[in-house]
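**Q** Structure incoming, see below.
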Amino acid sequence: MSSAGLQTAAEPVLETPKPAVPEWKRKYRKFVKNPIGIIGLVMVLLIIFISIAAPLLTSHDPIEVNLEKKLQPPVWQEGGTWEHWLGTDEVGRDVWARLVYGSRVSLSVGFFAVVISLALGTALGILAGYFRGKTDFAISTVIDIMMAFPFILLALATIAVMGPSLLNMILVLGLTDWTQYARLVRGDVISLREQEFIQAGYALGSRHWRIIWRHLLPNCLPSVIVLATLAMARAILMESSLSFLGLGVSSPTPSWGFMMSTGRPYIATAWWLATLPGIAILITVLGINLAGDRIRDMLDPKVD
C-alpha cells in the first residue's frame, strides 16, 4: 500500500456539527413532553371556544324566564327533554344556555383582572427594585399594607359603595392582587441589576428607562407569565365565591357562582342547578392549573 493511501486512511473523519436547536423549539418540546399539560391546555381552549361560540351552541336566551318549564331535569332523567338537555332552573331558564354564557363572565373576570394586576404589580416592582432607596421603601410599605388588608372586607366595601357589577368585580380583583407580582419582580430586578450586562449598559451611557425596557423587563417576564397563568385560576375562583355570596355580577346576568348560590336551596330536589356550574368551575380551574404548571416547567431552564 502506498504512503499516500496510509495517510488518507489515517486522517480523522470530521463530523459535521449539529445545528443548534432554536430556543422556542426547545421549549415547545419540553411542553409537549408531558401529556398532562396538553390535557390542561385542551380543557382551557375548549372553555374559551364555548364562551366565544355561545350563540352558536344554544338557541335559548340565558335570561328568558318560562315558569311553565321550571325545574325540568336533564335529558337522561325521567321528565327531561332534548329542548333543555341539561334541564331548567327555578324560573324555567335553560341551564346549558346559562352555563355557556356564564363562561364569558368567568373568563372575562379572570383575564382582565390578571392584566390589571400584572401591569400594575410589574411596574411598581421594577421601580422598587431598580431605584431602591425611598422609592423601594414606599412601594414595599404599600405592599405590606395591602397584603395585611382582608380581601373580603375590601370587596364588601367596594361593592357596597359602587354596587355589584362585572366591571367592579374586575377592578376589585385587579387592584388587590398586584402585590404578588410586585414582590416577585422586585426580587428579580434586585438580582438582575448587579449582572454584568446591566453594568455594561451603565458604562455605555444607557438611560434608566432604556435599561428597564430593553433588559430588565424581558428577563422578568417568564416568571411573571407563570404567576399570571396560575393567578387567573385564582381570580375565577374568587369571582365565583363572591358571586355565590351575592357580591359579584348582578342578576339576571349568568354567572357560575351565582348559579350555584341560587341552586343551593334545591340541591336535594334539583341537584343539577348547583352541581353543573360547580363542575364547570372545576374543569376551568383544573385546566388552567395543569397548563400553568407545565408552562412553569417549560420556562424553567433547570427542568429538562
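The values are calculated or read from the model by the stated rules, or taken from the named source; none is laboratory data. Note that the structure is predicted; figures quoted are calculated from it, not measured. As a convention, Cβ positions derive from the backbone with ideal geometry for all residues, glycine included, and neighbour counts pool all protein chains shown. Note: accessible area is taken over every heavy atom of the protein model, side chains too, but ligands, DNA and RNA are not part of it. Shrake-Rupley method; radii C 1.70, N 1.55, O 1.52, S 1.80 Å.
**Q** For the range 34-299, report the accessible area per residue in Å² (1.4 Å probe, heavy atoms, rounded to an integer).
**A** On a per-residue basis, 50 Å².
**Q** Ignoring ligands, DNA and RNA, what percent of the 1.4 Å accessible area of the range 34-299 is carbon and sulfur?
**A** Using a 1.4 Å probe with all protein chains present, the range 34-299 comes out at 69 percent carbon and sulfur.
**Q** Residue by residue through the range 94-104, what is 3J(HN,Hα) from phi via Karplus (6.51 cos²θ - 1.76 cosθ + 1.60, θ = phi - 60°)? Round to whole Hz and write x for glycine and proline.
**A** The phi angles translate into 5, 5, 4, 4, 5, 5, 6, 6, x, 4, 5 Hz.
**Q** Now a separate question. Could you give the distance between the Cα centres of the range 233-304 and the range 84-130, to the whole Å?
**A** 9
**Q** Quote the charge dipole size of the range 34-299 about the Cα centre in Debye, to the nearest 20; the model charges only the Cβ of Lys and Arg (+1) and of Asp and Glu (-1).
**A** 860
**Q** Further question: Show me the three semi-axes of the equivalent ellipsoid for the range 34-299, from the C-alpha gyration tensor (sqrt of 5 times each eigenvalue), largest first, rounded to whole Å.
**A** Computed over the range 34-299, the values are 44, 20, 13 Å.
**Q** Another one. So what J values fall out for the range 273-278 if you push phi through Karplus, 6.51 cos²θ - 1.76 cosθ + 1.60 with θ = phi - 60°, rounded to Hz, Gly and Pro as x?
**A** Rounded to whole hertz, the list is 5, 9, 6, 5, x, x.
**Q** A further question follows. Around Thr88, which amide H atoms from residues at least 5 apart in sequence, or from another chain, sit under 5 Å from its own amide H, with H modelled in the peptide plane?
**A** Those qualifying (amide H under 5 Å, at least 5 residues apart or on another chain) are Leu71, Gln72, Val95.
**Q** What's the magnitude of the charge dipole for the range 231-304 around its Cα centre, counting Lys and Arg as +1 and Asp and Glu as -1 at the beta-carbon? Answer in Debye, nearest 20.
**A** With Lys and Arg at +1 and Asp and Glu at -1, about 180 debye.
**Q** For a protection proxy built on the mean count of beta-carbon atoms within 10 angstrom, sort 124-134, 141-151 highest first, please.
**A** Top of the packing list down: 124-134, 141-151.
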